[in-house]
Amino acid sequence: MLGETLIVDVAKTVIEKLTGAAGDRFSKHKELRQRIENIKRHLKANRYVRTYFPLLGELRTIFIENPTLLEKGDNKRFFSTWLQHPVLELGWTIGSEFWTKAKIIQLYEDLDGLKV
């Protein structure tokens with residue numbers, strides 16, 4: 001009986017550790033998805049183009065901190081198209097001299113393709 005109790009206790013401990021680790025990964029993934037969706041909403045809702053590069057800079061930081069996001073084709077293309085611009089690396093904020101209507105439309109379409 002003592003051996004059975006010990007086995008049950010060990011099994012419970014193992015299950016708790018496994019579900020705890022999976023729960024942590026799930027909550028981190030959920031938080032990451034929420035951060036990206038919030039930035040996407042801000043980009044699409046904001047009509048002041050000078051705020052685009054700071055928001056894209058936040059996305060760039062997320063992609064750099066989570067390189068597994070780049071394993072998805074659309075994400076990799078989005079990163080190379082929008083998040084490797086020298087303006088982002090230098091921290092500048094430029095407006096209408098960069099953002100044409102066509103670029104804004106393309107950005108919105110590319111944002112829709114992002115996957116977490």
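Can you tell me the length gained on complete extension of the stretch LEU90 to PHE26, counting 0.36 nm per residue apart and subtracting the Cα distance? Don't skip to the answer; put the middle values down first.
Working: separation 64, 0.36 × 64 = 23.04 nm, distance 3.38 nm.
Full-extension gain reported as 19.7 nm.
Determine the shape class of the stretch 33-85: with a ≥ b ≥ c the square roots of the Cα gyration tensor eigenvalues, call it rounded for a/c under 1.5, and otherwise prolate if a/b is greater than b/c, oblate otherwise.
Values: a/c = 2.02, a/b = 1.59, b/c = 1.27.
Judged from the Cα gyration tensor, the stretch 33-85 comes out prolate (a/c at least 1.5, a/b above b/c).
Only the coordinates and a few stated rules stand behind these numbers; no lab work does. Just so you know, these numbers come straight off a predicted model, no measurement behind them.
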